[in-house]
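The values are calculated or read from the model by the stated rules, or taken from the named source; none is laboratory data. None of these values were measured; they are calculated from a predicted model. Neighbour counts are summed over all protein chains in view; Cβ atoms, including those assigned to glycine, are modelled from backbone coordinates with ideal geometry.
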Amino acid sequence: MRTSILALLLPACGWFSNPPAAPPAEPPKPAPVMRESHGTEQDLADTLAFFATRPQEETALVPGLGPVEGVGGRSAEVCGSCHQAIYEEWQVSTHRHAWNDPQFQKEITKSGNTWLCRNCHTPTLLQQPVWPVGLVDGDVEAPILVDNPGYDPELMDQGITCVACHVRDGQIHGPGLPDSTAPHPVQTDPQYRSAALCERCHQAEQTYPGKGFVCTFTTGKEWRASPQHEDGETCVTCHMPAVERPVAVGGPVREVRRHWFKGSGIPKFAGQAPPDDAPPGPGLALEPVVGEGILTLKVRNEGAGHMLPSGDVERWVQLDVRFVDGAGDAVGEPWQHRFGQVWEWWPEPRRKSDNRLAPKEERALEVVIPQGAQVAVVEASNHRMSAETASYHELGDYPRSVRTHRLEVPLSGP
Ligand code: HEC
Ligand code: HEC
Ligand code: HEC
Ligand code: HEC
Ligand code: HEC
């Protein structure tokens, strides 16, 4: 049975599963209301006027509606007809699945606040079936909505699609290729060589008092405090690795950047992910040291230019150790350790603990070796959500984790 909507709290813009100990009595549920159209031009003006009253992360990334100059359409397929390699990489990225992500699809049925989510997950106005023009009594779960006559459902399904990142005011914007052979006009913009575009969605700290949900992604802030930031590494240099190839079919070979946007490496759909060896690899460096009766695991956030893990507050990195004897049979108890955050969602959202690894931070964890153990099997894995959360959302076999390390450590001589 479902508990009341208020009892289910929203971390990092996503619904949390565990109901609090004492759910409150259910108040009337705030709901969206539709407004009649005042004509597309006026509706759009009203939407933009509304957005102007909201914080940046609650507004659409691409407010324009006009056609893309010099290109037949807006769909990623159109761009992909020339930018084939980029298209194929983007297809297996989580950006492409920011709308059809099964977890996201379950979460947006739970509140009238979907207009908030859309501004990062389907960030162009054309991807949105309805636009917000106001809020009933200032309640973010009770938006006043108008129909969007130009709504493009195919484009919505593409989530964070090419035009979301590359079209501004109807023109294609990019990092600026010298002697470009582009058939479409191009505007050079330095933000494509910085973290600015990424931080627009990956750095947000909004709280909604009385709502029991927060919108917290502090990857941008964590990166700004990292040694990698000092060294000039950005989201783009790590998550869009350099490659030499033509930018468009038949064009000159250039040093450009891949579009996999690989992070934790946990796919949204089984089998749809960048290759295992695609950069950046796992953030964790793991070194076992065998001592007198003690296995020391030296762990270090070697690769991530932000906390490990970063992003959604429900993510964690897990270490597992099990011991076996000479015959391969289990000896002693398995050992487990998690790096992550723990949040309490009731009565107000509050972070209870945080043992994530800061960039380049190193720790040593000690595990007692049980009698008779010959080999320690040490594994590390990235997790996006617990089994309870997945089962609450009825997510079936939705991929929740990926193994990043597996070592067999001999404990005694032959
Ligand atoms: C400010 C931009 C922003 C808004 C607004 C936003 N999200 Fe997200 N969302 C992100 C980013 C960035 C990530 C990727 C971080 C990660 O995967 O850890 C993400 C990831 C997710 C994920 C996947 C988490 C995972 O672990 O794979 C879900 C589900 C999700 N958001 C749901 C929502 C819902 C529901 C809303 C509206 C209530 C919402 N988001 C609003 C930026 C946003
Ligand atoms: C999340 C934002 C984002 C998305 C989505 C995205 N791009 Fe890019 N793209 C970038 C950034 C940032 C750069 C600049 C990389 C650099 O510094 O050279 C770039 C560079 C490019 C370039 C210049 C050459 C190169 O490879 O560096 C082309 C062409 C391009 N993108 C096309 C596309 C197409 C086509 C799609 C959709 C299939 C797409 N992009 C999706 C952010 C994005
Ligand atoms: C008819 C082929 C064609 C189509 C369709 C096309 N492009 Fe291009 N685009 C090119 C070529 C050719 C270049 C320049 C390549 C070169 O000079 O190496 C280019 C360059 C670019 C650049 C780099 C701009 C710069 O100098 O920084 C971006 C970004 C880009 N395209 C995005 C897109 C997007 C997004 C779409 C879809 C809305 C798209 N393109 C559709 C052929 C195309
Ligand atoms: C319009 C908002 C938006 C922009 C701009 C954006 N992202 Fe994202 N990003 C997201 C969302 C939302 C997700 C998660 C989608 C999901 O899981 O459903 C995500 C996922 C990711 C992930 C994968 C996380 C994982 O483990 O699955 C990486 C890595 C990433 N983004 C890097 C970048 C970089 C680098 C840039 C800048 C070039 C960028 N993003 C720009 C919204 C954005
Ligand atoms: C020095 C390289 C580096 C830089 C700089 C960097 N990242 Fe990452 N990022 C990584 C690595 C490595 C991982 C994989 C961590 C792991 O093992 O889960 C990662 C993971 C992620 C994830 C998935 C969450 C997680 O912890 O697995 C997101 C989202 C992300 N990065 C976004 C960004 C954004 C946005 C920026 C810029 C503000 C950025 N990253 C800067 C290397 C980097």
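Data overview
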item: Filter result for the condition that a residue is basic (K, R), within 16 Å of ligand 5 (Cβ to nearest atom) and surrounded by fewer than 16 Cβ atoms within 10 Å (Cβ to Cβ), over R224, R200; result: R224
item: Sole exception among (1) within 10 Å of ligand 2 (Cβ to nearest atom); (2) outside any helix (DSSP H, G or I) for A164, by number; result: (2)
item: Residues that are of a type in the set (V, I, T), at pLDDT 95 or above and surrounded by 15 or more Cβ atoms within 10 Å (Cβ to Cβ), drawn from segment 356-413; result: V367, I369, V375, V377, V378, V402, T404, V409
item: Helices (runs of 4 or more DSSP H) wholly inside segment 79-122 that include at least 1 residues being within 14 Å of ligand 3 (Cβ to nearest atom) and assigned by TED's automatic domain parsing to the domain that holds V62; result: 84-91
item: Verdict on V243 being near ligand 2 (Cβ under 10 Å from one of its atoms) and in contact with a His (Cβ under 8 Å, 6 or more places away or on another chain); result: no
item: Residue satisfying condition, being more than 9 Å from ligand 2 (Cβ to nearest atom), assigned by TED's automatic domain parsing to the domain that holds W115 and closer than 30 Å to W345 by Cα, within set T188, T181, T216; result: T216
item: Any hit, segment 338-352, residues being out of contact with any Phe, Trp or Tyr (no Cβ under 6 Å at 6 or more places or on another chain), surrounded by fewer than 18 Cβ atoms within 10 Å (Cβ to Cβ) and of a type in the set (A, V, I, L, M); result: yes
item: Hey, E233 more than 11 Å from ligand 2 (Cβ to nearest atom) and outside any helix (DSSP H, G or I) or not; result: yes
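Residues are listed down the side, and each one gets a yes or a no for (1) within 16 Å of ligand 1 (Cβ to nearest atom); (2) among the acidic types (D, E); (3) free of Cβ contacts under 8 Å to residues at least 24 places away in the same chain; (4) crowded, with 20+ Cβ neighbours inside 10 Å:
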{"position": "G210", "(1), (2), (3), (4)": "yes, no, yes, no"}
{"position": "P267", "(1), (2), (3), (4)": "yes, no, no, no"}
{"position": "D277", "(1), (2), (3), (4)": "no, yes, yes, no"}
{"position": "P282", "(1), (2), (3), (4)": "yes, no, no, yes"}
{"position": "V290", "(1), (2), (3), (4)": "no, no, no, no"}
{"position": "I294", "(1), (2), (3), (4)": "no, no, no, no"}
{"position": "V317", "(1), (2), (3), (4)": "yes, no, no, yes"}
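Listed here are the residues, each with its yes/no results for (1) part of a loop (DSSP other than H, G, I, E, B); (2) charged (D, E, K, R); (3) within 20 Å of R300 (Cα to Cα).
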residue	(1), (2), (3)
G326	yes, no, no
W335	no, no, yes
R338	no, yes, yes
R351	no, yes, no
A380	no, no, yes
R406	no, yes, yes
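Residue-by-condition table, conditions (1) closer than 12 Å to A164 by Cβ; (2) modelled with pLDDT of 95 or more:
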| site | (1), (2) |
| --- | --- |
| A60 | yes, no |
| G80 | no, yes |
| H83 | no, yes |
| I86 | no, yes |
| E89 | no, yes |
| T109 | no, no |
| P132 | no, yes |
